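The structure appears below as structure tokens.
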Amino acid sequence: MGFVIKPNINSSSFHLSGRSFFIRRRQKKKKKKTRRGEMAEDQKKKSCRFWIWALSSVVFRLILISFPGNLNLSSRPEVSTPLTSIRRLAEGYWLKQASMSPYAGSMYHGSPLLLSVLGPLTVQRIKGQPSHLLCSLVFVIADILSAMLLRGIGKKLQMAYGLNARLLGLLKSSRDKGILPCGDIAALVYLWNPFTIVSCVGLSTSPIENLAVILALFGAVTRRVPLAAFGLVIATHLSLYPATLTIPIVIILGYGLDAPPIKLFLQTRSVENEESSTPTVSKQPKLKQTTRLPFLWKTVAHFLFWVLLWSLCVLVLCAFSLNKYGGLDEMFKRTYGFILSIEDLSPNIGVFWYFFAEVFDFFRNFFLIVFHVNILFMLLPLAIRLKHRPCFLAFIYLAISSILKSYPSVGDSSLYLSLWALFVNELVDMKFSFFLFCGYLGISLLSPVMHNLWIWRGTGNANFYFGNAIGYACFQIVFVVESVSAMLNHDRALKRCINTNHGEVKN
Amino acid sequence: MKILILVMLLCSSFAFSSGDTTIHTNNWAVLVCTSRFWFNYRHMANTLSLYRTVKRLGIPDERIILMLADDMACNARNEYPAQVFNNENHKLNLYGDNVEVDYRGYEVTVENFLRVLTGRHENAVPRSKRLLSDEGSHILLYMTGHGGDEFLKFQDAEELQSHDLADAVKQMKEKRRFKELMIMVDTCQAATLFNQLQSPGVLAIGSSLKGENSYSHHLDSDIGVSVVDRFTYYTLAFFERLNIYDNASLNSLFRSYDPRQLMSTAYYRTDLYQRHLVEVPVTNFFGSVMETIHTDSAYEAFSSRISDSKINSDMPFNQPSEQDLKEELQNANIPSDKLKTEKEKCPYTQMRTDFNEKLEKFENVDTVVNLSIAVMVVVVIVSSSLLR
């Protein structure tokens, strides 16, 4: 189901058919000034509501933090993985203070920079307050920053959407009334997603990793090249998988933001040219010259320079920090090596722990390669197909790496779910959305139950929990596939609309 | 330089085969009751009391060889079935839940006793019946029963003579089965039993001299027999005041025996024992309190550098065994080789090593890293606001 455009010359009306959204068409003409005043008031109301919801989510987090023991969320395997657990960070910090390598004993597997920043906070205790309070506050601040940055990204995307719609002749006036404020929606989805709240209160370092990824995307979208490079380098340093975001960020910086395929713009322009004057042969070579968007090599080179600079800084700092304890080799072996070789087989919400617990040693390397190439081989085809929508491509890459990474947690899901909310305008007709919502809800409720049955009561076994994890992976895969197909359907619908538009105009 | 000192130590450890360079690593106890029959109730009560004391002070069952005739607790004449007391107040049941007897009944023979001491068993003898001591062990050997001039009666059928015992101890010394051995004998004319001992590192105490008898302490009118011997009674009285953390010395134990109360002279022999009794805590033999040595290199990850620097400082204090020395030699060899090959390289690596050494001296790495991260963040903000 696409959306039906009724080209009305007098007033603009953007009537979206579909189950989700319905706008009352304004039939009566009002004065432009009052319309503008109404728009400003609407905007004010909307931003007020947004801030109210945002602040209430922060208050909610603070209330949850004040509970003793963080509601035992930091011990849940869905929330804290060997890479993101705060207890392991505290252990690594203690080891460092005891003049031993922070990676000794195979507890801590994260970045030494994170250790220097968060480590002292895990030790400081304020009287009468729950332990790790300062760390919780840091994560709350990280969540707030991520939400603000998402709002910024969303605003840009919304503007770009409106601009593209106008260029394609789908939206006549300058009022973006039908376009949903995807920035606000994405920020609120991020703040109120139970997964995010649970990762924040459960003291996993996912909020900081998510912040780095969102920072990279924000920098790319607002064309702040050093910021994008910084975000990308920090995100890759903290967890290996955001390295795949290099491709979408380079496309954003080179070609620009998400837009419908170029062909549609060219068709519009060719029709306009036909409208304005009689078609002559001399027009055609012009068309051929401009069939491709210019790729901004300078910006991309600038970006790569900044990436190299930041990575050099980070590596020098890490080498300095780990000087006595093995240096960079040790760090790479224990962080990236740990991620890639899946040494820790404690249960989590992913599927690899069960598999590698039963695979023979002889085949272990083979299967490691298979599972990691599983992510890698999807990058190029998706990039080719979705190169006109690089933000969406970034979302897809993040979703795939959340499903197929070595130690997934709900913090990763919270990131890609909020990035999905950035594309509500295009993905409004996604199929199976209710089914997926119920699936996610069911899985997240059943997961602690199965874990309890297996570990604490002993009436279940590992298959219960693993079945849950498989179900979760299936739902995530269906989600990704459906969003990609919804996006492609949106593009096809746009194409059809434009064709019918021009067909009508011609006739 | 380091290697020379290590080699010297190695040679010295080979030269000193007298156990001077070994460290005390574990404690064993061999408790033998050599009598049977109901009227020898007190001998079994002696042994079980000492078993309980030794367990209480820390020696586990795996390190205790208990040899009893074990016919008291379930004897038809026992008014208190499955209970053995060493006092008429019946406060303490010695035959409680966790008494592990290794040799019982007719297995308590001189042959088995000597096999236990020397370690020469048949193949099929299980580990729980073997004395698996090594050169770092302190062994307590307690024997009680009926004895006489240079002999000890075993189960009313055979006897162990003093030269048999001395011979067994000499074999143990040859095979390095103990670091120090303490023999405590509670029989009549006990001191004669260790007349023939010659091996160094042996301390022996007996409850009576030649020509003296050792007497029982008191008669329990309920059970009908004497329940404990005097020597053992006063030994237990000494130990009941102790817990695992006390460091009362052997000297205080030996001084606590009053000849008037014992009605015999508790004679001890220290000519074969080098250390002063004042310095030796009783838990060296009667309990198991081990000296812990704290090392910093707890984890394997990258500890070779730390152990390298520790070799120099630890050598005067610790006298490691051969295996440790060999490992340290290997560790010491590897970094020295690395240094040699590095120096042969170009001056760039020389500069880098100098830089690294300078960095190593830097104390507060943390604050520098935090400052740099803050600087990085500031640069990001500034550059992103300027460059668009």
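A few comments on the model shown:
- Count of the stretch B:69-99 residues which are surrounded by 14 or more Cβ atoms within 10 Å (Cβ to Cβ) and at positive phi: 2
- Restricting A:S433, A:S485 to those that are within 19 Å of A:H388 (Cβ to Cβ) and without any contact (Cβ under 8 Å) to a residue 60 or more places away in the chain reduces the list to A:S485.
Every residue, every condition in (1) over 21 Å from the mean Cα position of the chain (by Cα); (2) in contact (Cβ under 8 Å) with a residue 24 or more places away in the chain, yes or no:
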{"site": "B:K91", "(1), (2)": "yes, no"}
{"site": "B:L114", "(1), (2)": "no, yes"}
{"site": "B:P126", "(1), (2)": "yes, no"}
{"site": "B:L141", "(1), (2)": "no, yes"}
{"site": "B:F154", "(1), (2)": "yes, yes"}
{"site": "B:S162", "(1), (2)": "yes, yes"}
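- Positions within the stretch A:320-332 being among the hydrophobic types (A, V, I, L, M, F, W, C) and either buried (at least 17 other Cβ atoms within 10 Å of the Cβ) or within 9 Å of another protein chain (Cβ to nearest Cβ) (or both), in sequence order: A:F320, A:L322, A:M331
- Among the residues of the stretch B:195-215, those that are surrounded by 24 or more Cβ atoms within 10 Å (Cβ to Cβ) and more than 11 Å from B:T270 (Cα to Cα) comprise B:G206, B:S207, B:S208, B:S214.
- Count of residues meeting criterion [away from every other protein chain (no Cβ under 13 Å) and on the phi < 0 side of the Ramachandran plot] in the stretch A:69-112: 19
- Any chance A:G154 is of a type outside the set (S, T, N, Q), modelled with pLDDT under 90 and either within 26 Å of A:F437 (Cα to Cα) or within 19 Å of the chain's Cα centre (by Cα) (or both): no
- Residues considered: B:L132, B:L50, B:L66. Of these, the only one that is assigned to a strand (DSSP E or B) and not polar (S, T, N, Q) is B:L66.
- Among residues that are more than 15 Å from B:H146 (Cβ to Cβ) and part of a strand (DSSP E or B), B:L203 is included.
- Scanning the stretch A:116-136 for residues that are without any contact (Cβ under 8 Å) to a residue 40 or more places away in the chain, assigned to a helix (DSSP H, G or I) and either facing chain B (nearest Cβ under 10 Å) or surrounded by fewer than 16 Cβ atoms within 10 Å (Cβ to Cβ) (or both) yields A:V117, A:G119, A:P120, A:V123.
- Lone unmet requirement of (1) closer than 30 Å to A:M450 by Cβ; (2) surrounded by fewer than 12 Cβ atoms within 10 Å (Cβ to Cβ); (3) within 14 Å of chain B (Cβ to nearest Cβ); (4) of a type outside the set (V, I, T) for A:D361: (3)
- Search result, residues across the stretch A:92-108 that are part of a loop (DSSP other than H, G, I, E, B), closer than 18 Å to A:A319 by Cβ and within 33 Å of the chain's Cα centre (by Cα): A:P102, A:Y103, A:Y108
- Positions within the stretch A:76-93 being in contact with a helix residue (DSSP H, G or I) (Cβ under 8 Å, 6 or more places away or on another chain) and surrounded by fewer than 24 Cβ atoms within 10 Å (Cβ to Cβ), in sequence order: A:R76, A:P77, A:P82, A:I86, A:R87, A:A90, A:E91, A:Y93
- Out of A:L340, A:L368, A:L415, sole residue that is out of contact with any Phe, Trp or Tyr (no Cβ under 7 Å at 6 or more places or on another chain), assigned to a helix (DSSP H, G or I) and surrounded by fewer than 17 Cβ atoms within 10 Å (Cβ to Cβ): A:L340
- Residue count for the stretch A:223-234, restricted to those that are over 14 Å from the mean Cα position of the chain (by Cα) and either in a helix (DSSP H, G or I) or more than 8 Å from chain B (Cβ to nearest Cβ) (or both): 8
- Any hit, the stretch A:72-79, residues being over 30 Å from A:A473 (Cβ atoms), outside any helix (DSSP H, G or I) and not small (G, A, S): no
- When the residues of the stretch B:243-266 are filtered to those that are outside any loop (DSSP other than H, G, I, E, B) and of a type in the set (A, V, I, L, M), the one that is farthest from B:T283 (Cα to Cα) is B:L262.
- Pairs, first among the acidic types (D, E) in the stretch A:254-271, second surrounded by 16 or more Cβ atoms within 10 Å (Cβ to Cβ), C-beta under 7 Å, six or more apart: A:D258/A:L157; A:D258/A:A160; A:D258/A:R389; A:D258/A:P390; A:D258/A:C391; A:D258/A:F392
- Of everything in the stretch A:308-318 that is free of Cβ contacts under 8 Å to residues at least 60 places away in the same chain and more than 9 Å from chain B (Cβ to nearest Cβ), the residue that is nearest to A:L240 (Cα to Cα) is A:L315.
- In the stretch A:349-357, the count of residues that are away from chain B (no Cβ under 14 Å), touching a Lys or Arg at 6+ places or on another chain (Cβ under 9 Å) and small (G, A, S) is one or more.
- Here A:A493 fulfils each of the conditions (1) surrounded by 21 or more Cβ atoms within 10 Å (Cβ to Cβ); (2) within 30 Å of A:L217 (Cβ to Cβ); (3) not β-branched (V, I, T) apart from (1).
- Output for the stretch A:425-458, where each listed residue is outside any helix (DSSP H, G or I), within 30 Å of A:A160 (Cα to Cα) and of a type outside the set (S, T, N, Q): A:E426, A:L427, A:V428, A:D429, A:M430, A:K431, A:F432
The values are calculated or read from the model by the stated rules, or taken from the named source; none is laboratory data. In this text, all values refer to a predicted model and were calculated from it rather than measured experimentally. Note that each Cβ is placed from the backbone with ideal geometry, even for glycine, and that neighbours are counted across all protein chains shown.
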